[in-house]
């Protein structure tokens, strides 16, 4: 056989191991009246930056705005970063017009009817739930476990004890609910593919088709992103056809569309790091062909992975075949198929 064939991998949502966002109020109710934080989005100090998607503002709140655990988000994309003392019992303004989102930590452990004795770091009164106590612990690097006084009528009900060590002197007691803070690492996973650096800033940058981004609700040639990961996310998520970027040390990021991400065209000019998006294939079978049901073909494709990438960028493509054998007719041709593995042989 002289072929390699396969499937692309279906897309799934990104997941985080640290916590989740919850809408506390819609835009018809009062918005957050907690401490206001100035964002550093887009490499600038901006009071309430514009984000085209609420998820992008949420990501920057947790990722780059120190202390942020809530946002006020307006229909026009205006997003205000907030720091609330208790995300489970916020202060609201009587004014309306912004939806309110709060970040809730996912706890590493919650144990009912359990107390941890000693090794106190500090305590916080008037905490309304075990989950809120966990959240407070999760926001302090020194806090290794926590105890919430759950029993009604006891001394210091609703007090949250933060501990210096993990579960010190653990014992059974109906006084309390205890546990561990959230995990300290975030895991972001996707089955769609991954980003690969093709050139560093000392080498030539991408000379593929230039795309105008719609970041921040504006049409901008090369927007500023404080993190390359944020530009990569928008390339794949909101800039149609984008599969590569030129990224400069000052945050300037240019969106590109290359015909072949495994053999892109480079300029002789330098100054930008080049990142390419490579699809992850669901299946690659050597010495295998699939006959018929052709959607179209692409010549001069340099690898099976590149053929998979082309298939993954076309919603109508369900499988693919790459002509692998040297010297045969149509070597390096990528056949895109309308169906999954038609007439496999």
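The values are calculated or read from the model by the stated rules, or taken from the named source; none is laboratory data. Source: prediction; values computed, not measured. Don't worry about glycine lacking a Cβ; one is built from the backbone with ideal geometry, like all the others, and counts go over all protein chains shown.
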- Message: Quick test for you: out of 98, 116, pick the one residue that is surrounded by 18 or more Cβ atoms within 10 Å (Cβ to Cβ), farther than 16 Å from residue 148 by Cα and touching a residue at least 40 places away in the same chain (Cβ under 8 Å).
- Response: 98
- Message: Taking the condition of being surrounded by fewer than 16 Cβ atoms within 10 Å (Cβ to Cβ) and at pLDDT 85 or above, how many residues in region 9-28 meet it?
- Response: 3
- Flagged in region 227-268 as in contact with a helix residue (DSSP H, G or I) (Cβ under 9 Å, 6 or more places away or on another chain) and part of a helix (DSSP H, G or I), in numbering order, are 229, 230, 231, 233, 234, 237
- Restricting the search to region 59-99, which residues are farther than 23 Å from residue 230 by Cβ and either assigned by TED's automatic domain parsing to the domain that holds residue 174 or at pLDDT 75 or above (or both)? 84, 91, 92, 93, 94, 95, 96, 97
- Query: Looking at region 135-145, is at least one residue surrounded by fewer than 21 Cβ atoms within 10 Å (Cβ to Cβ), out of contact with any strand residue (DSSP E or B) (no Cβ under 6 Å at 6 or more places or on another chain) and closer than 30 Å to residue 50 by Cα?
  - Reply: yes
- Message: Exactly one condition in (1) at pLDDT below 80; (2) surrounded by 22 or more Cβ atoms within 10 Å (Cβ to Cβ); (3) closer than 25 Å to residue 221 by Cβ is false for residue 256; which is it?
- Response: (1)
- Task: Pull up region 179-207, narrow it to residues that are crowded, with 20+ Cβ neighbours inside 10 Å and modelled with pLDDT of 90 or more, then point me to the one that is nearest to residue 258 (Cα to Cα).
- Result: 206
- Message: Can you report the number of residues in region 284-326 which are assigned to a loop (DSSP other than H, G, I, E, B), buried (at least 16 other Cβ atoms within 10 Å of the Cβ) and modelled with pLDDT of 85 or more?
- Response: 4
